[in-house]
Amino acid sequence: MKKHLTIFILLLISIICFAEGKKDPNPVVLNEGVTEQDFCSELEVKVLRELNYARTHPQKYAAFIEDTLQYYQGSMLCYPNEIRLRTNEGTRAVKEAINFLRNQTPLKPMTLSRGMSLAAQAHVRDQGPTGSTGHTGSDGSSPFDRINRYGKWDVTSGENIDYGNNIARRIVMSLIIDDGVSGRGHRKNIFNSKFTVVGIGCGSHKGYRHMCVMDFAGKYKEKTK
């Protein structure tokens with residue numbers, strides 16, 4: 001009996017040590033002044049982790065995008081058992097994104113802001129039911145206006161919006177590939193070293209079924225309750 005108990009204790013210790021040694025490669029770090037992440041959905045947290053993994057491990061992330069090449073048939077993106085999607089540039093944009101990532105210097109991960117997430121989520125609630133698109137709210141607000149309702153941005157700010165995806169990796173890959181966007185502005189935002197804080201909002205959309213908003217800032221002071 002004692003022998004069995006000893007073996008059990010040693011096994012338990014090894015499990016605990018393994019769990020402690022296996023650190024999360026993409027921990028969620030909250031912005032200064034934020035103590036809980038209850039303002040974000042599971043998908044929104046996954047998008048944050050995906051964004052930060054792309055920023056901190058761009059060469060590894062290139063492999064994820066490279067894997068999508070097998071699903072292209074000319075300009076059509078054909079994931080198995082899914083609706084075929086027509087792209088603007090086909091594999092050209094994908095290969096360009098892969099090359100970009102392979103040469104990209106790793107960046108620090110972004111912290112998660114409560115106020116900026118609330119602003120992003122408000123834009124989703126505004127556009128989702130009507131199916132409208134773009135960065136201007138129905139009240140005429142800009143991304144800068146919206147994030148200042150919940151705090152104060154500083155240094156620099158920007159916004160990305162993805163329409164049509166509800167899987168974190170596809171959301172981030174779509175914005176990095178930036179098909180049809182000549183200046184690759186969404187990709188530049190994700191890999192802008194001056195952006196250190198992000199807010200995320202995801203939800204349904206009448207026209208594209210899904211949308212995800214990312215608001216970025218150099219610094220952000222959360223509004224106190």
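Nothing in this text is a laboratory measurement; each read-out follows from the coordinates by a stated rule. For clarity, every value in this text was computed on a predicted model and none was experimentally measured. Glycine gets a Cβ as well: all are built from the backbone with ideal geometry, and neighbour counts include every protein chain shown.
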Ranked by GNM mean-square fluctuation in the chain (Cα springs under 10 Å), the top entry among Met214, Met110, Met76 is Met76
From the Cα centre of segment 119-133 to that of segment 48-81, the distance in Å is 26 Å
With +1 at each Lys and Arg Cβ and -1 at each Asp and Glu Cβ, the charge dipole magnitude of the chain around its Cα centre, to the nearest 20 debye, comes out at 440 debye
Here, trypsin sites (Lys or Arg not before Pro) of segment 116-197 satisfying both criteria (DSSP loop; at most 16 other Cβ within 10 Å) are Arg149, Lys194
Asserting the computed 222 nm helical MRE of the chain (DSSP H runs at least 4 long, -39500 (n - 2.57) per run, divided by residue count, to nearest 500) equals -12500 deg cm²/dmol
Out of Ser193, Leu118, Cys40 - ranked by how far each Cα lies towards the positive end of the dipole of the chain, with unit charges on the beta-carbon of charged residues - the top one is Ser193
Ignoring GluC sites (Glu not before Pro) buried by more than 16 other Cβ within 10 Å or outside DSSP loops, the longest site-free run in the chain is 90-225
If one compares the long axis through the Cα atoms of helix 42-56 with the longest principal axis of the Cα atoms of the chain, the angle in degrees, nearest 10, works out at 90 degrees
With x for Gly and Pro, the residue-by-residue ³J(HN,Hα) of segment 195-203, computed from phi through the Karplus equation 6.51 cos²θ - 1.76 cosθ + 1.60 at θ = phi - 60° and given in whole Hz, is 7, 10, 10, 9, x, 10, x, 10, x
Between Arg84 and Asp38, the two model label points (7 Å from Cα along the beta-carbon direction) sit apart by a distance in nm of 4.9 nm
Given pairs Lys152/Lys194; Lys108/Lys206; Lys60/Lys152; Lys60/Lys219 and cut-off 25 Å on Cα-Cα distance, the over-length ones are Lys108/Lys206; Lys60/Lys152; Lys60/Lys219
